[in-house]
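The values are calculated or read from the model by the stated rules, or taken from the named source; none is laboratory data. The model shown is predicted, which means the values in this text are computed figures rather than measured ones. Every residue, glycine among them, receives a Cβ derived from its backbone with ideal geometry; neighbour counts consider all protein chains shown. Only protein heavy atoms, including side chains, enter the accessible area calculation; ligands, DNA and RNA are left aside. Shrake-Rupley method; radii C 1.70, N 1.55, O 1.52, S 1.80 Å.
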Amino acid sequence: MDIENIVILTGAGISAESGLATFRGPDGLWEGHRVEDVCTPQALARDADLVHRFYDERRAKLAEVSPNPAHAALAKLDANWPGGLLIITQNVDDLHERAGARRLIHMHGELKSALCAACGEAEAWDGALPPGSSCPACGAPQLRPDIVFFGEMPYRMDEIDAAVRRADLFVSIGTSGAVYPAAGFVQTARHHGARTLELNLEPSAGSYLFEDTRLGPASVLVPALVGELLA
Ligand code: OAD
């Protein structure tokens with residue numbers, strides 16, 4: 001089968017070897033915190049300090065980590081693949097772009113961005129974001145982390161859906177397949193004729209939906225796949 005359009009979905013597993021914790025499993029972010037306490041609009045309304053502190057700590061951590069060979073390989077694929085390509089990341093870190101990826105969508109938001117709950121403008125943001133910070137665009141004291149909370153709509157779903165439907169190859173990397181809508185992209189891709197491949201450390205909840213699964217660390221599997229695609 002000729003491959004022209006590639007869609008890649010990444011999750012926390014691609015950043016694990018850079019030193020960023022994944023969500024589920026031992027030492028996962030959701031082991032130390034209840035999702036409902038830090039990742040819902042209700043949590044923000046109830047205890048903004050806790051929610052802001054959780055994301056401030058994660059934002060600060062970005063300064064200590066670097067892209068790993070998996071991010072670098074995807075950036076190389078992006079730079080050299082002549083056909084359509086889209087990297088959809090569920091990650092809120094900035095490691096894909098720091099590695100050089102350009103055709104990238106952060107569907108769950110970004111740590112280095114703040115969102116105004118009043119006017120909806122997003123602002124580049126580094127450092128701490130105290131509750132009540134004022135929006136540079138409209139002045140309202142309602143800046144919040146630009147993170148898609150549970151119960152909120154992920155970003156740029158129209159573009160994502162169009163790309164997934166066009167895909168000849170759909171690759172999922174380092175995601176547990178536990179969170180929708182991302183976990184359902186593989187079914188859409190398959191339904192529209194794409195080949196589907198999962199790269200993950202261990203079998204995931206969604207492995208059965210993929211034609212092929214390769215098990216191992218992303219820093220090994222992703223450069224190998226990119227080598228095959230660019231050969
Ligand atoms: P999870 O923590 O649910 O899953 C991470 C996956 O990566 C697991 O299947 C691991 O086996 C795998 N993994 C770990 N280390 C790896 C490595 N070195 N190489 C390859 N794979 C590895 O994270 P996500 O699937 O990204 O949403 O979670 C999805 C969403 O749930 C997140 O975007 C977040 C969370 O709630 C929001 O915050 C909105």
GLY206: passes all of (1) within 12 Å of the ligand (Cβ to nearest atom); (2) within 24 Å of ASN80 (Cα to Cα); (3) buried (at least 17 other Cβ atoms within 10 Å of the Cβ) but (2)
Of the residues in the range 43-56, those that are free of Cβ contacts under 8 Å to residues at least 40 places away in the same chain and either in a helix (DSSP H, G or I) or within 9 Å of the ligand (Cβ to nearest atom) (or both) number 5
Only one of (1) in contact with a Ser or Thr (Cβ under 6 Å, 6 or more places away or on another chain); (2) more than 12 Å from the ligand (Cβ to nearest atom) does not apply to ALA63, and that is (1)
When (1) more than 10 Å from the ligand (Cβ to nearest atom); (2) in contact (Cβ under 8 Å) with a residue 24 or more places away in the chain are applied to LEU9, the one that fails is (1)
Residue count, the range 116-129, condition within 24 Å of the chain's Cα centre (by Cα) and assigned to a loop (DSSP other than H, G, I, E, B), comes to 8
Selection over the range 192-203 where residues are farther than 15 Å from ILE8 by Cα and either within 13 Å of the ligand (Cβ to nearest atom) or in a helix (DSSP H, G or I) (or both) yields a count of 3
Restricting attention to the range 208-225, the residues that are over 23 Å from ALA162 (Cα atoms) and in a helix (DSSP H, G or I) number exactly 9
Across the range 181-191, the tally of residues that are open to solvent by less than 80 Å² (accessible area, probe 1.4 Å) and more than 7 Å from the ligand (Cβ to nearest atom) stands at 7
By residue number, the members of the range 157-176 that are among the charged types (D, E, K, R) and either within 14 Å of the ligand (Cβ to nearest atom) or free of Cβ contacts under 8 Å to residues at least 12 places away in the same chain (or both) are ASP158
- Task: May I ask you to verify whether ALA178 is among the aliphatic types (A, V, I, L, M) and either surrounded by 21 or more Cβ atoms within 10 Å (Cβ to Cβ) or outside the structural domain of ALA16 (by TED's automatic domain parsing) (or both)?
- Result: no
Per the filter on the range 1-31, residues surrounded by 19 or more Cβ atoms within 10 Å (Cβ to Cβ) and of a type in the set (Val, Ile, Thr) are ILE6, VAL7, ILE8, THR10, ILE14, THR22
Residue hits (the range 67-93; open to solvent by 20 Å² or more (accessible area, probe 1.4 Å), within 15 Å of the ligand (Cβ to nearest atom) and assigned to a loop (DSSP other than H, G, I, E, B)) are PRO67, GLN90
Would you say ARG34 is surrounded by fewer than 19 Cβ atoms within 10 Å (Cβ to Cβ), over 19 Å from the mean Cα position of the chain (by Cα) and more than 15 Å from the ligand (Cβ to nearest atom)?
no
CYS138 passes all but one of the listed conditions (1) over 30 Å from GLU17 (Cβ atoms); (2) surrounded by 17 or more Cβ atoms within 10 Å (Cβ to Cβ); the exception is number (2)
When every residue in the range 209-231 that is of a type in the set (A, V, I, L, M) and away from the ligand (no atom under 13 Å from the Cβ) is compared, the one least open to solvent (accessible area, probe 1.4 Å) is VAL226
